[in-house]
1. Which of the following residues is among the aliphatic types (A, V, I, L, M), under 16 Å from V25 (Cα atoms) and modelled with pLDDT of 95 or more: L117, L99?
2. Would you say A148 is closer than 17 Å to R83 by Cα, in a strand (DSSP E or B) and at pLDDT 95 or above?
3. Please indicate, with yes or no, whether at least one residue in segment 115-133 is part of a strand (DSSP E or B), loosely packed, with under 14 Cβ neighbours inside 10 Å and not aromatic (F, W, Y).
4. If F139 satisfies every condition in (1) of a type in the set (A, V, I, L, M, F, W, C); (2) surrounded by 13 or more Cβ atoms within 10 Å (Cβ to Cβ); (3) at pLDDT below 95 but one, which is the exception?
5. I'd like to verify a number: residues in segment 125-146 that are in contact (Cβ under 8 Å) with a residue 24 or more places away in the chain and under 18 Å from R62 (Cα atoms), how many?
6. Pick out the one residue from V86, V95 that is at negative phi, among the aliphatic types (A, V, I, L, M) and touching a helix residue (DSSP H, G or I) at 6+ places or on another chain (Cβ under 9 Å).
7. What is the one condition in (1) under 21 Å from E29 (Cα atoms); (2) touching a strand residue (DSSP E or B) at 6+ places or on another chain (Cβ under 8 Å) that G111 does not satisfy?
Amino acid sequence: MTAFTVRVAACEADLAACFAVRREVFVVEQSVPESVEYDAYDADAVHVLAEGPDGEPLGTGRLLHGPGALGKTGSSEVGSLGRLAVSAAARGTGVGAALVRAIETEAVRRGLTAVDLGAQTHALGFYERLGYAAYGPEFQDAGIPHRAMRRHVP
């Protein structure tokens, strides 16, 4: 697979495609309970969707921003990248990195200067290659070990 596009989810069908990928990766593969995977933040998040040449959903992620979803670091607004999921068939093709960059682009468009995320520890190297730095101790989220990471975006 070499061809794919990444865009902001624009309608209910796009959001359903995002949720389908998240269900496949987090609920089915990683046994995260659906009650944990889907939360109140989904309604206000910016969701991005990666699609193959035939429109099949390949991956997704979301950006949380605004009141209740941002932290403050000095005077810098910080967004939160989360729920990054790539279908098994699309892993290793660049979809994950393209999703991260699309979320960062949306963060900059909204005036944010940094993006935080909670990375599953097995994915630390992936995010480090994209410029994220880990901080703080390891923590559990849905029974899976994570580390907090941050990248300042231009």
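The values are calculated or read from the model by the stated rules, or taken from the named source; none is laboratory data. On a predicted model such as this, the values are computed, not experimentally measured, just so you know. Counting neighbours? That spans all protein chains shown, and the Cβs are built from the backbone with ideal geometry, glycine included.
1. Result: L99 is the single residue among L117, L99 that is among the aliphatic types (A, V, I, L, M), under 16 Å from V25 (Cα atoms) and modelled with pLDDT of 95 or more.
2. yes
3. Looking through segment 115-133, at least one residue is part of a strand (DSSP E or B), loosely packed, with under 14 Cβ neighbours inside 10 Å and not aromatic (F, W, Y).
4. (2)
5. Matching residues across segment 125-146 total 5.
6. Just a single option satisfies the conditions, and that option is V86.
7. Unmet condition: (1).
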